[in-house]
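For reference, the structure is listed below as structure tokens.
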Amino acid sequence: MLLAGLGMGMLAGCGSKSEPAVAETKKFRPVDESSPAGDGTADAANAIQTGEVARAKFASRGNAAQESARSEATPPGPTPKDGAVGGELLDVLKKMDRLSEQQPQGKSEREQLDDLIKIHTQRLGLAKQALKLNPQPELKRQIVVAMFEIYQTYAQYRVPSAMAQLADFGKTMSADADPEVARIGRHATFSANLSRIASQPLESGKDIVAEAQKLIEAEKGHLSPDTVQLAQQTANLLRQGGFRADAAAIYETVAAELANDPKQADEAAAFAVQAKLMKSDLETLLENVIREKPEADQKLAATIETLLKDGPLNREMFGNVQQVAHILEALGHFQVAQSTYEQLTAAFKDTKDAELADQVADVASKAKQRMALIGQPFTVEGLQVDGSPFDWSAYAGKVVLIDFWASWCGPCLQEMPNIRQNFEQYHAKGFDVVGVNLNTKVADLKQFLAFQGQDLPWATVTSQVVLDGKAGEDWTKIPMAAKCGVQAIPFVVLVGKDGKVDSIHVRGPKLGARLKELLGDPITSEVPADPTQPAKPPAKATGQRTRSISPLSAAVTAALALAGSKLGPGLLAYEKGSEVFAGKRLSISQCLAPTKTPGLLYVVSADPPADDTSNPYLAKPGLKTTELIAFIHKMLDRPQSIQSRPGFAAGLVDACDRVLKDDAATKSDQLFAIQTKLSILHREACDGKDAADKQLMAFVEELKNDDRPDVAREVAFFRLERRVLEAKELPLDEIPALLNDVQSYLADEKLTGKHLRLASSTVAAINRLESGDEREAQFAKFAPIFSRSTDKDLARYGKKLGKKSSE
């Protein structure tokens, strides 16, 4: 997203607004439900979808750390059923499959890399042989995808003449009569041309823009989602490199092309908004406000006024400006935040989209409620879980944190260890906590508390409507939430000794810092070191600008990073698995030649740090369970830009494992560690990391006999997701039963972004069905289920399925 670079991780929460879909590529985006599968070629169609996902995985490497040499560089090969093709072609494809599963051999990393390239060269030769045997169109496309990935692998590991081979491949395939094959060829040509352009010093991105526009022009009138994605990634590369105007030009080109199709009008408008936001440099203006630079408030307000005046006033514009307001609110810039909310209300009040107008008004009104709490007397009203009255007067004279939470809210549970640590350190000095629970079903709350036992040391408050079973599904209408304007949780209110609200949004480290100001030093201040912060102050700025650009392919990344940097050859960071190799100043020839640590990512600094090949995100040895829990929480509170770094997930998983191995860990500590480990591994798996996926399922297998309700629920989800992911191996007659199981499971689930991979794989399974009527019936069943998700992308996908089934 445009503002993601600011890394405002504290805004993540249940019920908060999702980021615009066009702003960030998701590894497991929903598969294309329009793929043909009802003409007796279901297996071939499924194979094409597999190829599409594989190519999307390669194109999306800029959004996630690359895998190790073995797993990253072994793209899947075609896997037709024995009866699908002739004997000679089948033999060739089976050889390709066997080679794709073959592990590189060698005593050293260099030898293994050489063997890896040898394997791919053999696969490439077989693929060329297969094409000469005139495979069916669907199979031909999949073979071409595999070839494209092999050429990209050559480029990644700097095989001599790799880019020339890629360019030749692109030229040949671009001329193919099959439109899909021709498109893959154009993508290959684009990649080769981009590498060539980026190999020279870049004063601007105009040549890259020209290539992107040429790519889009070639599909005029029928722009494919993959081409849109590739153009979007290229624009993001330019933005990260400092070429914002050029990035905006690509967004504008995509928007103009999509606008020609009435069915894509909303997506076209979303790209148009992104172009405007990129030109306005909204994130820099916001950063200036946060840093309290002179006149920053006025400049931000003027820019937002212009954006809202020029439009378009769509959900994309609302989402981005709303995020600015949320960030300002969360960081305590209440005056400018309120002004931004008011600007939104005024701009959208007369929009033709009545639902959107109401949403904007509601968001602004509740934000005003929240910020108006500060300085006012505060009371907590409600009942305890057993139905007895809650006595707020018992907290008079104390500093009290009111924590709005729900048992289904992951970020809420992640915040609890931080609250507990501060409770233990400051309780004896007059600090207390009251949890305002927002579960709409009291049974869910009781089940959670029963699992916690005596380990939740503060009062939990609910309401009469919940106890009576009349709360409905909208937790924001529970009395205390409605009273305080709560729209996203966790949300916290800190009340001072005088009974008035001292502050809001005091989560993470902010809570301890504020309690220290109000109550003095804690009883114990022993906390683990934070590995995400530098050990010493950074070197003084040299006035030179380094442009860091995420990879589109390894060769392109290397060229862009060097060309975009005013420093020339500089300190380079490499990524391989979970390790980071840094600290060496390399020459250009060293950068472009095969090295011991392939996979150049970015220029990180003008001044090399001390050599260190260890994972900097591991918790230090000897920490107690409470310290490990605090460490995990602190890591989870890091900005997304840090959480995506190599080794970060491994550090979190290691800390969780240490908690689970500690006999002194409480039940709540264990639950938190289990849920965090599952969440982190799932996130990594959804980013296409096979090692994390295997680790996730191994952990789920360990937990299969765990009788704790929360753990059993997690295990059930991951086991079902695995069944659906492997549905491509099922006989067709077993697919309906699997889909019924998925539908039954999702019926009672609160769908979030966690369910996106499951949804995508479910639609892939539906597309295997041979009967068009049966597929449409399944689309109609799942559309309303996905549409009610709190995740914007999943909800939008459900609506698309609904339209598909009604056509």
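The values are calculated or read from the model by the stated rules, or taken from the named source; none is laboratory data. Predicted model only: the values in this text are computed from it and were never measured. For neighbour counting, all protein chains shown are included, and Cβ atoms are generated from backbone atoms with ideal geometry for every residue, glycine included. Heads up: the accessible areas ignore ligands, DNA and RNA and are worked out on the full protein's heavy atoms, side chains in. Shrake-Rupley method; radii C 1.70, N 1.55, O 1.52, S 1.80 Å.
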Virtual spin-label span in nm between D310 and D444, 7 Å along Cα→Cβ: 4.3
Sequence of D386, D468 when ordered by accessible area, the most exposed leading, probe 1.4 angstrom: D386, D468
Relative frequency of Cα-Cα separations exceeding 20 Å in region 377-431, percent: 39
Lysine pairs within region 166-299, Cα separation less than 24 Å, 8 or more sequence positions apart or different chains: 17
Karplus-derived 3J(HN,Hα), 6.51/-1.76/1.60, for each residue of region 234-243, Hz, glycine and proline x: 5, 4, 5, 4, 5, 4, 5, x, x, 9
Furthest towards positive pole of dipole, L202, G185, S224, structure part region 181-259, Cβ charges: G185
5 angstrom amide H check on A619, placed H, neighbours 5+ away: A655
Hz values of 3J(HN,Hα) by residue in region 477-494 - Karplus curve (6.51, -1.76, 1.60), Gly and Pro given as x: 8, 4, x, 5, 5, 5, 4, 9, x, 6, 10, 9, 10, x, 10, 10, 10, 9
Å² per residue, accessible surface of region 386-481 at 1.4 Å: 39
Within region 250-323: Cβ-based charge dipole about Cα centre, in debye rounded to nearest 20 (Lys, Arg +1; Asp, Glu -1): 100
Whole-number D in µm²/s for region 371-487 (Stokes-Einstein; Kirkwood sum over Cα pairs; 10 °C, 1.306 mPa s): 107
Using distinct alpha-carbon pairs, which all enter the 1/r mean, Kirkwood radius of region 93-210 in Å: 15.4
In order through region 136-153: 3J(HN,Hα) via Karplus (6.51 cos²θ - 1.76 cosθ + 1.60), integer Hz, x for Gly, Pro: 4, x, 4, 5, 4, 4, 5, 5, 5, 4, 4, 5, 4, 5, 5, 5, 5, 5
Residue-level accessible surface for W392, protein heavy atoms, 1.4 Å, Å²: 50
Computed lengthening from F334 to Q112, 0.36 nm per intervening residue step minus Cα-Cα distance: 74.2 nm
Distant-in-sequence amide H partners of V436 (H built 1.01 Å from N, under 5 Å): D403, F404, W405, V461
Cα-based equivalent ellipsoid, region 421-484: semi-axes from gyration tensor eigenvalues, Å: 25, 15, 8
Members of K620/K689; K366/K689; K429/K500 lying beyond 30 Å, as alpha-carbon distances in this model show: K366/K689
Kirkwood Rh and Cα Rg combined as Rg/Rh, region 162-263: 0.98
Accessible area (Å², 1.4 Å probe, nearest 10) - H222: 120
Kirkwood hydrodynamic radius over Cα pairs of region 646-802, then Stokes diffusion coefficient at 4 °C and 1.567 mPa s, in µm²/s: 77
In region 213-270, trypsin sites (Lys or Arg not before Pro) in a DSSP loop with at most 10 other beta-carbon atoms within 10 Å: K220
Overall Cα dimensions of region 636-732 - principal axes, largest extent first, Å: 48, 35, 17
Amide proton proximity set for S503, modelled H, under 5 Å, gap of 5+: L494
Carbon and sulfur %, accessible surface of region 161-211 computed with the full protein complex present, 1.4 Å: 55
Nearby aspartates and glutamates by direct alpha-carbon distance to K728 (threshold 14 angstrom, same-chain neighbours under 8 apart not counted): D43, E770
